[in-house]
1. Using amide H atoms built 1.01 Å from N in the peptide plane, name the residues 5+ places from Phe18, or on other chains, whose amide H lies under 5 Å from its own.
2. Excluding the sites themselves, what is the longest stretch of the chain that contains no chymotrypsin sites (Phe, Trp or Tyr not before Pro) in a DSSP loop with at most 16 other C-beta atoms within 10 Å?
3. With bins 5 Å wide starting at 0, give me the P(r) of segment 29-85 over every alpha carbon pair, in whole percents.
4. Given charges of +1 on the Cβ of Lys and Arg and -1 on the Cβ of Asp and Glu, with all other atoms neutral, how large is the dipole of segment 1-48 about its Cα centre, in debye to the nearest 20?
Amino acid sequence: MHPTNPKPVSEGIPFLGFIVFPFTKRIKRRKAVHFHRTFRKKVNAFHEGKMTLSKLNESVVAWVNHAHYGNTVGIRKKILSSQLIYPIPKKNVTK
């Protein structure tokens, strides 16, 4: 089906969004970039009131749980600290 294509172990083996090396796993760069873009869009949607905090939280928790299987502490900190998530001010309602 697929031709045999041997590669050195030092290049790693792509598997489920990670590059697997003998002693470590790293997330693929394009997967981190894609999440960063998506995260930025979702934070902006939250600030505009188009998305709830719980939906934003679900998305972030899902990606963090996937990413924690690799050596990704640095990239997770960088991506998650890049956007400020502040509460939406409530409108004054007078009776």
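1. Lys28
2. On the way: sites that count: Phe23, Tyr69.
Answer - 24-68.
3. With a bin width of 5 Å, the distribution comes to 4, 19, 33, 26, 13, 5, 1.
4. Working: 11 positive and 2 negative charges, 35 e Å.
Dipole of segment 1-48, to the nearest 20 debye: 160 debye.
Every number here is computed from the coordinates shown, using simple stated rules; none is lab data. Please read these numbers as outputs of a predicted model, since none were measured by experiment. Don't worry about glycine lacking a Cβ; one is built from the backbone with ideal geometry, like all the others, and counts go over all protein chains shown.
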